[in-house]
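Undergrad: The following block contains the structure, expressed as structure tokens.
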Amino acid sequence: MPRIFIDGDSGTTGLEIRERLADRRDLEIVSIARELRKDVEAKRDLLAGVEIAILCLPDDAARETVRLCDGLGARAPRLLDASTAHRIAPGWVYGFAELGEGQAERIADAARVANPGCYATGAIALLRPLVDAGLVVAGMAVTINAVSGYSGGGRQMIEAYEARRAPPFELYALGFEHKHLPEIATYARLSSPPLFVPSVGDFRQGMLVSIPLHLDTLPARPKAADLEAVLARHYAGAIHVRVAPAPSEARLDATALNGTDDMELYVFANEAKRHAVLVARLDNLGKGASGAAVQNLALMLGARG
């Protein structure tokens with residue numbers, strides 16, 4: 001029976017992963033005693049005795065755990081890192097199984113997997129197939145707007161919203177240095193970072209990521225149906241990602257996929273104006289974090305596809 005260590009299981013992502021695995025009888029979840037969490041030797045011994053360690057830590061702490069594993073040689077566990085620390089690092093496989101052909105197999109065989117960011121998951125899911133198909137050019141100016149539930153902002157933000165001390169809606173990261181930008185540019189195959197404007201609303205979880213497009217500025221001057229067809233081909237057969245028809249009421253509820261590990265992709269368009277908006281909808285704690293980690297863990301433990 002594989003032994004799994006969730007390093008940082010008191011935070012939102014770690015707690016969600018533990019809850020999702022709680023009823024599993026085909027693996028053993030191990031923990032380190034609270035009083036030993038800062039004991040390096042105790043942690044090293046625990047890491048040497050598990051098959052996979054899931055890192056739900058701040059970036060610096062995740063790097064420290066990786067260094068401990070580096071010192072274990074052949075006794076080191078495989079790693080699944082939910083932090084931002086290793087998403088574009090050499091030697092790490094990006095944990096978005098639907099990224100492209102063979103990606104799920106690469107995750108399954110990897111010693112080290114970096115779980116994607118929530119916003120990045122939606123943006124890359126929309127952009128990568130269109131870039132690969134030549135409908136979106138790698139060097140074009142891309143704008144991404146997104147809104148997330150407050151659970152993605154960490155303990156202080158969660159406490160502020162639940163104590164009614166936070167505004168109902170706010171933009172943030174307006175210095176345009178959001179931590180998801182490097183992975184979005186890398187895995188969407190953009191040659192420069194997009195203009196990314198994230199926001200948070202007064203709801204616990206749920207996410208919409210949207211990308212506006214002027215269709216006549218794209219090289220092939222495609223119709224919205226062309227964009228949708230490329231996305232549909234790319235995700236044909238995917239379990240957790242699906243392309244859905246744009247609803248006739250032309251509106252989307254950010255919370256509709258809460259409690260699932262799924263993501264829906266939409267193309268909204270006005271052909272007369274030659275305007276389109278690509279939208280990804282997901283649960284920021286599901287496909288955007290803990291759900292993706294559990295999906296990657298399953299692949300690492302031998303599931304395929």
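The values are calculated or read from the model by the stated rules, or taken from the named source; none is laboratory data. In this text the structure is predicted, and so the values were computed from the model without any measurement. Methodologically, a virtual Cβ is constructed for each residue, glycine included, from the backbone with ideal geometry; neighbour enumeration extends over all protein chains shown. Protein only, heavy atoms only, side chains kept; ligands, DNA and RNA dropped before computing areas. Shrake-Rupley method; radii C 1.70, N 1.55, O 1.52, S 1.80 Å.
Undergrad: From the list Ala120, Ala104, Ala110, which one is in contact with a His (Cβ under 8 Å, 6 or more places away or on another chain), of a type outside the set (D, E, K, R), buried (at least 19 other Cβ atoms within 10 Å of the Cβ) and within 25 Å of Ala62 (Cα to Cα)? Steps first, answer last, please.
TA: On the way: Ala104 fails: in contact with a His (Cβ under 8 Å, 6 or more places away or on another chain); Ala110 fails: in contact with a His (Cβ under 8 Å, 6 or more places away or on another chain).
Criteria check complete, one pass: Ala120.
Undergrad: Given the structure, is Arg204 closer than 17 Å to Gly152 by Cα, open to solvent by 40 Å² or more (accessible area, probe 1.4 Å), at pLDDT 95 or above and in a loop (DSSP other than H, G, I, E, B)?
TA: On the way: closer than 17 Å to Gly152 by Cα: yes; open to solvent by 40 Å² or more (accessible area, probe 1.4 Å): yes; at pLDDT 95 or above: yes; in a loop (DSSP other than H, G, I, E, B): yes.
Yes; evaluated as a whole, the condition is true for this residue.
Undergrad: Give all pairs with beta carbons closer than 8 Å in which a residue from the range 1-30 that is buried (at least 17 other Cβ atoms within 10 Å of the Cβ) meets a residue that is of a type in the set (S, T, N, Q) and assigned to a loop (DSSP other than H, G, I, E, B); count only pairs at least 6 apart in sequence or on separate chains.
TA: Pairs that qualify, where the first residue is buried (at least 17 other Cβ atoms within 10 Å of the Cβ) and the partner is of a type in the set (S, T, N, Q) and assigned to a loop (DSSP other than H, G, I, E, B), are Phe5/Ser31; Ile6/Ser31; Asp9/Ser31.
Undergrad: Here is a list: Gly154, Gly139, Gly149. Which entry is surrounded by 17 or more Cβ atoms within 10 Å (Cβ to Cβ) and of a type outside the set (Asp, Glu)?
TA: Gly149
Undergrad: Is there any pair linking a residue in the range 40-67 that is open to solvent by less than 20 Å² (accessible area, probe 1.4 Å) to one that is of a type in the set (Gly, Ala, Ser) and in a helix (DSSP H, G or I), with Cβ under 7 Å and at least six apart or on different chains, and which?
TA: Short answer, once both residue conditions are applied: Ile54/Ala293; Leu55/Ala62.
Undergrad: Something else about it: So, Leu36, is that one within 24 Å of His178 (Cβ to Cβ) and either within 21 Å of the chain's Cα centre (by Cα) or open to solvent by 30 Å² or more (accessible area, probe 1.4 Å) (or both) or not?
TA: Criteria not met by Leu36.
Undergrad: Of all residues in the range 68-81, which are open to solvent by 30 Å² or more (accessible area, probe 1.4 Å) and in contact (Cβ under 8 Å) with a residue 40 or more places away in the chain?
TA: Matches in the range 68-81: Arg78 only.
Undergrad: Going by the structure shown, is Ala173 farther than 30 Å from Tyr235 by Cα, in contact with an Asp or Glu (Cβ under 9 Å, 6 or more places away or on another chain), open to solvent by less than 40 Å² (accessible area, probe 1.4 Å) and part of a loop (DSSP other than H, G, I, E, B)?
TA: no
Undergrad: Give me the pairs: first residue in the range 202-227 and among the aliphatic types (A, V, I, L, M), second residue open to solvent by 30 Å² or more (accessible area, probe 1.4 Å) and not in a strand (DSSP E or B), beta-carbon distance under 7 Å, and six or more apart or on different chains, which are they?
TA: From residues that are among the aliphatic types (A, V, I, L, M), the pairs are Leu208/Leu252; Leu215/Arg221; Leu215/Arg274; Ala220/Gly134; Ala224/Glu271.
Undergrad: For the range 127-147, how many residues meet the condition of being part of a loop (DSSP other than H, G, I, E, B) and farther than 24 Å from Gly201 by Cα?
TA: Going through the range 127-147 one residue at a time, the tally reaches 9.
Undergrad: Let me ask something else. So is Thr84 closer than 25 Å to Pro182 by Cα, surrounded by 13 or more Cβ atoms within 10 Å (Cβ to Cβ) and either touching a strand residue (DSSP E or B) at 6+ places or on another chain (Cβ under 8 Å) or of a type in the set (Lys, Arg) (or both) or not?
TA: No, not satisfied.
Undergrad: Looking only at residues in the range 177-194 that are in contact with a Phe, Trp or Tyr (Cβ under 7 Å, 6 or more places away or on another chain) and open to solvent by 20 Å² or more (accessible area, probe 1.4 Å), which one is modelled with the lowest pLDDT?
TA: So, considering only residues that are in contact with a Phe, Trp or Tyr (Cβ under 7 Å, 6 or more places away or on another chain) and open to solvent by 20 Å² or more (accessible area, probe 1.4 Å), the one modelled with the lowest pLDDT is His178.
Undergrad: In the range 179-201, what residues are assigned to a loop (DSSP other than H, G, I, E, B) and of a type in the set (S, T, N, Q)?
TA: Filtering the range 179-201 down to residues assigned to a loop (DSSP other than H, G, I, E, B) leaves 179-180, 188-194.
Hits for the range 179-201 are Ser191, Ser192.
Undergrad: Of the residues that sit in the range 86-110 and are among the aliphatic types (A, V, I, L, M) and out of contact with any Phe, Trp or Tyr (no Cβ under 9 Å at 6 or more places or on another chain), which one is farthest from Gly286 (Cα to Cα)? Walk me through it before giving the result.
TA: Within the range 86-110, the subset among the aliphatic types (A, V, I, L, M) is 88-89, 93, 97, 99, 104, 107-108, 110.
Subset that is out of contact with any Phe, Trp or Tyr (no Cβ under 9 Å at 6 or more places or on another chain): 89, 93, 97, 104, 108.
Working: Ala89: 24, Val93: 20, Ala97: 14, Ala104: 18, Ala108: 20 Å.
Looking at residues that are among the aliphatic types (A, V, I, L, M) and out of contact with any Phe, Trp or Tyr (no Cβ under 9 Å at 6 or more places or on another chain), I get Ala89.
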